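Q: My questions will all concern the structure given below.
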Amino acid sequence: MNDIEEIEDLELDEGLENQADDNTLYEHFRIEADLGQVPLRIDKFLTEHMPHSSRNRIQAAADAGFIFVGDKPVKSNYKVRPGDVVTLRLHQPKHDTTIYPEDIPLNIVYEDDALMIVNKPAGMVVHPGAGNFTGTLINAVAWHMKDVPEFDPNSPEVGLVHRIDKDTSGLLVVAKTPDAKSSLGKQFFDHNTHRSYNCLVWGHFTENEGRIEGNITRDPKDRLRMTVTAPDSGIGKSAITHWRVIEKFGYVTLIECILETGRTHQIRAHMKHIGHPLFGDERYGGMEILRGERSTTYKAFIKNCFKLCPRQALHAKTLGFVHPVTGEQMDFTSEWPEDFASLIDKWRGFVSGTTRDMLKEM
């Protein structure tokens with residue numbers, strides 16, 4: 001799948017309001033529909049893939065002749081089909097999204113001529129996009145590779161193979177060559193990679209493992225959040241998450257999640273869907289006291305936990321794939337970052353002693 005830059009409603013508004021006298025149009029957004037894409041109205045399709053732009057504005061852009069499939073403008077009721085190349089073209093030039101090398105430290109776990117494995121810290125955006133055009137992981141990669149003429153950070157044929165959220169920590173693979181990106185991209189598309197995440201979620205599980213299946217789509221009430229629909233709904237993209245309990249703390253639980261698919265916010269949306277939002281995940285309701293006492297002491301404890309790990313408690317711990325050149329199985333594991341480890345230690349301390357006996361009865 002091609003990298004996608006999210007644009008702001010403001011940018012689309014400007015394009016609709018500032019229609020120039022000439023016919024020059026500049027491409028602002030491009031996406032190629034997956035081979036498995038079911039026929040879907042183009043306004044709905046773009047609403048799912050452009051979270052900063054509303055359906056009404058996308059419809060207005062189509063009515064103004066700014067939405068194209070191939071080289072032909074289409075209306076809102078056009079149905080996107082597999083392989084369609086959809087673009088948004090506006091009269092004003094696009095913001096400069098050129099990726100420039102920036103001297104930003106990288107935690108490189110492994111590197112060879114074909115790829116590198118990076119352990120991303122929480123708080124770092126992986127790729128330039130709306131509101132984050134500098135200071136990203138790919139800017140750091142560009143600096144690291146600046147003396148390699150064959151590596152062009154602005155080419156979609158190399159670079160990031162997959163992404164994790166800004167406030168999620170953990171492992172990512174970067175392809176250095178077009179062949180490596182093609183091979184790794186296919187493995188991710190075919191779900192032949194192995195990825196596991198550790199996360200702290202609200203609530204107590206009666207079972208020790210489970211499977212979540214539910215399509216992931218944009219939440220119409222919040223364009224920056226995903227929601228879950230039924231697998232047979234025809235809405236959104238299919239997604240499957242396997243989970244197992246690692247450690248129980250009564251009011252919260254440390255679990256491992258293994259992805260069969262890799263959708264945007266998949267773990268965060270799936271866990272919210274089954275009533276176990278990630279601890280500290282403000283967008284999905286995890287930054288509130290969802291379980292436990294209402295005592296002043298307990299409230300202070302939770303407040304301190306939020307300060308200790310001021311983000312969703314989610315870490316991409318393992319990553320496995322077949323090396324694109326040698327054919328060797330490659331498996332990597334990363335340690336918890338300090339904020340995540342400190343959070344778990346704090347909960348272990350909370351359930352020690354007499355408190356543990358009380359929580360065992362839950």
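Q: Pick from His191, His242: which is in a loop (DSSP other than H, G, I, E, B) and open to solvent by 50 Å² or more (accessible area, probe 1.4 Å)?
A: Numbers: His242 fails: in a loop (DSSP other than H, G, I, E, B).
Result of the check over His191, His242: His191.
Q: I'm told Lys186 meets every condition in (1) of a type outside the set (Gly, Ala, Ser); (2) in a loop (DSSP other than H, G, I, E, B); (3) surrounded by fewer than 18 Cβ atoms within 10 Å (Cβ to Cβ) except one. Can you identify the failing condition by its number?
A: Of everything listed in (1) of a type outside the set (Gly, Ala, Ser); (2) in a loop (DSSP other than H, G, I, E, B); (3) surrounded by fewer than 18 Cβ atoms within 10 Å (Cβ to Cβ), Lys186 misses just condition (2).
Q: Of Asp331, Asp232, Asp281, which residue is under 30 Å from Leu40 (Cβ atoms), open to solvent by 40 Å² or more (accessible area, probe 1.4 Å) and of a type in the set (Asp, Glu)? Reasoning before the result, please.
A: Numbers: Asp331 fails: under 30 Å from Leu40 (Cβ atoms); Asp281 fails: open to solvent by 40 Å² or more (accessible area, probe 1.4 Å).
Within the list Asp331, Asp232, Asp281, the selection yields Asp232.
Q: Still on this structure, please answer the following. Among the numbered criteria (1) outside any loop (DSSP other than H, G, I, E, B); (2) in contact with a Ser or Thr (Cβ under 8 Å, 6 or more places away or on another chain); (3) surrounded by fewer than 18 Cβ atoms within 10 Å (Cβ to Cβ), which one does Thr261 miss?
A: Failing condition for Thr261: (1).
Q: Go through (1) modelled with pLDDT of 95 or more; (2) open to solvent by less than 70 Å² (accessible area, probe 1.4 Å) and name the single condition Gly250 misses.
A: (1)
Q: Look through segment 162-208, keep the residues that are β-branched (Val, Ile, Thr) and in contact (Cβ under 8 Å) with a residue 40 or more places away in the chain, and return whichever of them is nearest to Leu35 (Cα to Cα). Outline the logic, then answer.
A: Step one: list which residues in segment 162-208 are β-branched (Val, Ile, Thr), which gives 164, 168, 173-174, 177, 193, 201, 206.
Next, from what is left, pick out any that are in contact (Cβ under 8 Å) with a residue 40 or more places away in the chain: 164, 168, 173-174, 177, 193, 201.
Values: Ile164: 23, Thr168: 29, Val173: 24, Val174: 24, Thr177: 24, Thr193: 19, Val201: 35 Å.
Among those residues, the one meeting the criterion is Thr193.
Q: State which residue is nearest to Ile164 (Cα to Cα) when the search covers only segment 281-295 and only residues that are in contact (Cβ under 8 Å) with a residue 60 or more places away in the chain and of a type outside the set (A, V, I, L, M, F, W, C). Spell out how you get there, then give the answer.
A: Pass one, segment 281-295, residues in contact (Cβ under 8 Å) with a residue 60 or more places away in the chain: 283, 286, 290-291.
Checking the rest, the ones that are also of a type outside the set (A, V, I, L, M, F, W, C) come to 283, 286, 291.
Details: Arg283: 16, Gly286: 18, Arg291: 27 Å.
Among them, the one singled out is Arg283.
Q: Exactly one condition in (1) under 20 Å from the mean Cα position of the chain (by Cα); (2) open to solvent by less than 10 Å² (accessible area, probe 1.4 Å) is not met by Ala142; state its number.
A: So the condition that Ala142 fails would be (1).
Q: Assess whether Glu27 counts as being over 22 Å from Lys221 (Cβ atoms), at pLDDT below 90 and assigned to a helix (DSSP H, G or I).
A: Numbers: over 22 Å from Lys221 (Cβ atoms): yes; at pLDDT below 90: yes; assigned to a helix (DSSP H, G or I): no.
Spelling it out, it is not the case that Glu27 is over 22 Å from Lys221 (Cβ atoms), at pLDDT below 90 and assigned to a helix (DSSP H, G or I).
Q: Which ones in segment 295-322 are in contact with a Leu (Cβ under 8 Å, 6 or more places away or on another chain) and either surrounded by fewer than 16 Cβ atoms within 10 Å (Cβ to Cβ) or in a helix (DSSP H, G or I) (or both)? Spell out the reasoning first.
A: Step one: list which residues in segment 295-322 are in contact with a Leu (Cβ under 8 Å, 6 or more places away or on another chain), which gives 305, 308-309, 312-314, 316-319, 321.
If the condition is that a residue be in contact with a Leu (Cβ under 8 Å, 6 or more places away or on another chain) and either surrounded by fewer than 16 Cβ atoms within 10 Å (Cβ to Cβ) or in a helix (DSSP H, G or I) (or both), then Cys305, Leu308 are the ones that fit.
Q: Let me ask you something else. Using beta carbons and a limit of 8 Å, which pairs, at least six apart or on different chains, have the first residue in segment 250-268 and closer than 10 Å to Arg195 by Cβ and the second one modelled with pLDDT of 95 or more and of a type in the set (Asp, Glu)?
A: As it stands, the answer is none, since no pair meets every condition given.
Q: Now, a different point. In segment 323-362, what residues are of a type in the set (A, V, I, L, M), modelled with pLDDT of 95 or more, assigned to a helix (DSSP H, G or I) and out of contact with any Asp or Glu (no Cβ under 9 Å at 6 or more places or on another chain)? Don't jump to the end; show me each part of the working.
A: The first filter runs over segment 323-362 and keeps only residues of a type in the set (A, V, I, L, M), leaving 325, 330, 341, 343-344, 351, 358-359, 362.
Right, trim to modelled with pLDDT of 95 or more and you get 325, 330, 341, 343-344.
Imposing the further condition that a residue be assigned to a helix (DSSP H, G or I) reduces the set to 341, 343-344.
The one that is of a type in the set (A, V, I, L, M), modelled with pLDDT of 95 or more, assigned to a helix (DSSP H, G or I) and out of contact with any Asp or Glu (no Cβ under 9 Å at 6 or more places or on another chain): Leu343.
Q: If you check Gly327 against the conditions, is it touching a helix residue (DSSP H, G or I) at 6+ places or on another chain (Cβ under 9 Å) and not aromatic (Phe, Trp, Tyr)?
A: Working: touching a helix residue (DSSP H, G or I) at 6+ places or on another chain (Cβ under 9 Å): no; not aromatic (Phe, Trp, Tyr): yes.
Taking the combined requirement at face value, the residue does not satisfy it.
Q: Let me ask you something else. Would you please list the contacts, defined by Cβ atoms under 6 Å and residues six or more apart or on different chains, that run from a residue in segment 30-49 that is at negative phi to a residue that is charged (D, E, K, R) and at pLDDT below 90?
A: Asp43/Arg55; Thr47/Arg55; Glu48/Arg218
The values are calculated or read from the model by the stated rules, or taken from the named source; none is laboratory data. It should be emphasised that the depicted structure is a prediction, and the values quoted were computed from it without experimental measurement. Ideal geometry is used to build each Cβ from the backbone, glycine not excepted, and the neighbour counts take in all protein chains shown. For accessibility, only protein heavy atoms count, side chains too; no ligands or nucleic acids. Shrake-Rupley method; radii C 1.70, N 1.55, O 1.52, S 1.80 Å.
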